[in-house]
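The values are calculated or read from the model by the stated rules, or taken from the named source; none is laboratory data. Being a predicted model, the structure only gives us computed values, none of them experimental. A quick note on method: Cβ atoms are made from the backbone with ideal geometry, for glycine too, and the neighbour counts reach across all protein chains shown. What goes into the accessible areas is simple: the full protein's heavy atoms, side chains included, and nothing from ligands, DNA or RNA. Shrake-Rupley method; radii C 1.70, N 1.55, O 1.52, S 1.80 Å.
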Amino acid sequence: MRIIAGCFLTVLFAYSSTFAQTTFSAIQGKVFTDNAGAAEGLPVVLLRSPDSSVVKSTISSKTGVFYFDHLNAGKYILFITKLNYNKSYSGPYEVAPGKNRDIGFILLKPAGKMLKEVSITGKKDFAEVRSDRTVLNVDQNIMAAGASLYDVLNTSPGVKVVNDDILYRGGQKTMIAIDGKPVLFTGEELVNFLKNFQSSSISQVELIENPGAKYGASAGGGMINIILKKKKAPGSNFTVTGSAAYGQKYKSGTGLNYNLRTGKLNLYSSYGFQDNKIDKSIYNDRNVLDSGQLYNFKLNYVATLKNVNNNFSIGGDYQLTKGQNIGFLVNGFYNNITINKFNSTVESTNGQRDSTINTQSVIDRNINNLSYNLNYRANLDQSGNSVLSANGDYSNYNRHSSEVLQNNFLNAAGQTDNNPIFYHVNSPSHITIKSANIDFKQALSKSVSFEAGIKSSGVNSDNQIIFQQKVKGGYIPVTNFTDHFIYHERIDAAYLQFDGKFGKTGLTVGLRDEKTASSSSSFNPGGQVIPDYKGYNNIFPKVQLSQDMDKNNQLTAFYSRDIQRPNYQDLNPFIGYVDHFYYSTGNPYLKPEYINTFDVSDFVMKKYKVGLSVVITDDYYNTIFEQVDSTKKYTNIKANLGTRYQYLLHFNIPVDITNWWNINADLVGYHEKYSYYGDRVASKTTDNFSAILNQNFKLTSKLSAQLYNLYYSSSYYIISQYQAQYYMNAALSYSVLGNKGTIKLAVIDIFNTFYNKYQTNYANLNIASKDKLGSRFISATFTYHFGTSAARSRNNTTDEQKRLGGSSNEN
């Protein structure tokens, strides 16, 4: 890593000190319209004078700025077009050798006869398949638009949400970013953030299978980049969204977004509130064979989860000088979660009922987080070819959970047997994260660039669990369940990346070095565990090669090596008590998994994509059960299982049936193999298939409809065989109030078929299970726009905050 960091600093110094020696010239300016201010996204063409031959073209920025560099001295003409405006020819402008000429601003005049708005026939499809990513236009997704970012991802092709993990490429955890900046959370915290982030401010969702080395080595499942809507003119805007849903309990939410932009200053803020109450159920039929006796345990678990979320953000950007900006962002959330649980376990021996244990529990959990970001970006030269950026982040996360449990024991006849047992559990947690990074990018030519950066981050996690049993006169500690766990981690990283386009061939080569050092200690009344220190250094290469075979086919091949580190709470050895026979816990010895991905794809007719991938995950980890036959107890825990091999054939097919009916089909075929550690369990292979069909209908100029269908075939996953799964959503959208307001009605999980049913035969386990979270709702959403969104998000503490998520020992 020192070598890469040294190369980065050397190159940065060399380019900063020598770039001014170039003899090329440049020309720049701004384009405005007479009534809308700066004109964003307009094609600007540079012509040579006097023959009007085309030299270069570009697109105006969000502030109307256009820039042409690497020009020879001479005279040039500018040509600009915009719908409903007169064509603009200006110049000629003479540019001296080695000089940068600023021509000021160009004002576009409205055409004498304006086209009516309804005469514009161009439209965006829900899915735009590109060679290196799939772009989803959120406004075309009725079920997600006007709701939350979580809803957007839940209906995105190839994306799956499992136990609060967002999965993409190859079913791996994916990196979530907003405007190219990875967000701060994972697990439960990430889901809360996504549910409070209103989709009314989102323009597009990019599904990127192979992000660059800049984004860290924890993108084994690719990256999902959220692009916010940008404001084109100075002023202010305000957006209000309200939603309500009824079904298996209820959901409600409100979102507010306010933005203010002046010439150099951009301020933005948002607030989200959500009040949800949903049911959760688990059925578990477990057989234990011990000493010739067959013991059976039937668990029925029902819970009601009430979650009240508050989320806010406030930030700003200020232009210090031309090409130099500084910004800040403060965001946070406060969540109050109440869980009322009841589970009943019936124990039988050789088919005869022995006893029943009923456990009642109430959990009151409060989670709050405050994150701060300070960022800086500067062009080191007038042409903008040399860019330096820096970020500093700090996050303070607090979690407190209080639980009261009562165990009631019944005999075979269903009568009270023994006195009830009462427990009281407190489990506070405090995590702080510090992170800083510097990135440098240099354009070597029009089609070749070089990028490098360094980053350092540190994490401190302090967790306690105080487990007490009620006795006469008060409470006494239960030493087996009481603990204090402290975890420290530091990651230092550096990367280099080269991007180039050579004729019909594109090449990207990246290399990232990450050095990790961690230590953990566990203290409990029974004695102190010897601290555990770990340190490792890894190199993560990324290589991508593309070739334009002809006008209808572009082949792309890439290889990447990534790492997935456990969430901090997954390392926490605390024991979560479900009932007398069922526990959950973390694993302080859990190791990171390493992911090697090989992919080849063909981009056909610039619209369709077919790809073949091989994903090999070493030290693969996930949540499993571990059982002790003699005590009949079993524990939910994350463990390293072995090596997972995946072979995927992926088709992404967007089709316009008519000008009012669009279909996007996402089809994936899997062949997988699990090669487990040890000799207790044989390797397991499985073949499965998934299909997502999203249909959009433009019925009138104001009325739209959408149908969403998902199917997963039966499959073997981790240690269990799952039954096939299917569900269907439908929605209507109607524009009101001059198209500034939208009313949306949706039915989610129409047939109430969204649940998991599976059989586990692994090692000494024999369990039949079914779990379901309340999913069938009828919802109504109203959104009103006072203008358009202009917010720009800064979320930079990437992998560290992402691992704040819930662990296997939460229930």
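Placing pseudo-labels 7 Å out from each Cα toward the beta carbon at Trp660 and Thr81 gives an inter-label distance of 3.1 nm.
Once the Cα atoms are used to define both axes, helix 2-18 deviates from the longest principal axis of the chain by about 20 degrees. Across segment 548-560, computed HN-Hα scalar couplings (Karplus, 6.51 cos²θ - 1.76 cosθ + 1.60, θ = phi - 60°) run 7, 6, 7, 5, 10, 9, 10, 8, 9, 10, 9, 10, 9 Hz from first to last residue, x flagging Gly and Pro. Under 5 Å between amide hydrogens, built in the peptide plane, is the criterion, and for Arg130 it picks out Val135 among residues at least 5 positions away or on other chains. Note on the chain: dipole from Cβ charges, positive end direction compared against Tyr76, Phe540, Ile226; the farthest Cα belongs to Tyr76.
Here the chain is assigned +1 on the Cβ of each Lys and Arg and -1 on the Cβ of each Asp and Glu. Its dipole about the Cα centre then comes out at about 2500 debye. Residue order by solvent-accessible surface for Arg101, Arg365 is Arg101, Arg365, largest first, with ligands and nucleic acids left out and a 1.4 Å probe. Amide hydrogen proximity for Leu42: with H placed 1.01 Å from N in the peptide plane, the residues at 5 or more positions away or on another chain lying under 5 Å are Ser60.
For the chain, the longest principal axis of the alpha carbon atoms and the long axis of helix 187-196 meet at an angle near 50°. A Förster distance of 25 Å, applied to the separation of the beta-carbon atoms of Thr631 and Tyr677, puts the FRET efficiency at 0.60. Val191 sits with roughly 10 Å² accessible to a 1.4 Å probe, with DNA, RNA and ligands left out of the calculation. Taking amide H as placed 1.01 Å from N in the peptide plane, Ala177 has its amide H under 5 Å from the amide H of Val183, Ile224, Asn225, Ile226, each at least 5 places away in sequence or on another chain. Within the assembled protein chains, the solvent-accessible surface assigned to His580 is about 70 Å², based on a 1.4 Å probe. The order of His650, His488 by accessible area, most exposed first and with a 1.4 Å probe, is His488, His650. Label zone of Asp687 (point 7 Å out along Cα→Cβ, amide N under 20 Å): in segment 703-721 this covers 711-718, 720-721. Calculated mean residue ellipticity, 222 nm, the chain: -1500 deg cm²/dmol, from DSSP H runs (n ≥ 4) at -39500 (n - 2.57) each, averaged per residue and rounded to 500. Note on segment 482-640: dipole from Cβ charges, positive end direction compared against Leu507, Thr597, Gly586; the farthest Cα belongs to Leu507. Looking at the chain alone, DSSP beta bridges between its own residues are antiparallel in about 95 percent of cases. Sorting Val615, Val543 by accessible area puts them as Val543, Val615; the probe is 1.4 Å, largest comes first, and only protein heavy atoms count.
Per-residue 3J(HN,Hα) values for segment 372-377, derived from phi via the Karplus relation 6.51 cos²θ - 1.76 cosθ + 1.60 with θ = phi - 60°, read 10, 9, 10, 9, 9, 9 Hz in sequence order (x marks Gly and Pro). Dipole size of segment 573-708 about its Cα centre, with +1 on Lys/Arg Cβ and -1 on Asp/Glu Cβ: approximately 380 debye, rounded to the nearest 20. Spin-label model, Asn418/Arg776: points 7 Å from Cα along the beta carbon direction are separated by 4.0 nm.
Heavy-atom accessible surface of segment 353-417, averaged per residue, reaches 42 Å², computed with a 1.4 Å probe.
What segment 702-768 shows is 45 Å² of accessible area per residue, with the surface traced by a 1.4 Å probe over protein heavy atoms. Summarise the accessible area of the chain (1.4 Å probe, protein heavy atoms) by the percent that is carbon and sulfur. Percent of accessible area from carbon and sulfur atoms in the chain: 57. Given [x] -0.43, -1.43; [y] -0.48, -1.27; [z] -0.58, -1.30, which label gives log10 I(q)/I(0) by the Debye sum over Cα atoms at q = 0.06, 0.11 Å⁻¹ as computed from the coordinates? For log10 I(q)/I(0) by the Debye sum over Cα atoms at q = 0.06, 0.11 Å⁻¹, the calculated option is [x]. Using a probe of 1.4 angstrom and keeping all protein chains present, the accessible surface of segment 527-612 works out to 44 square angstrom per residue.
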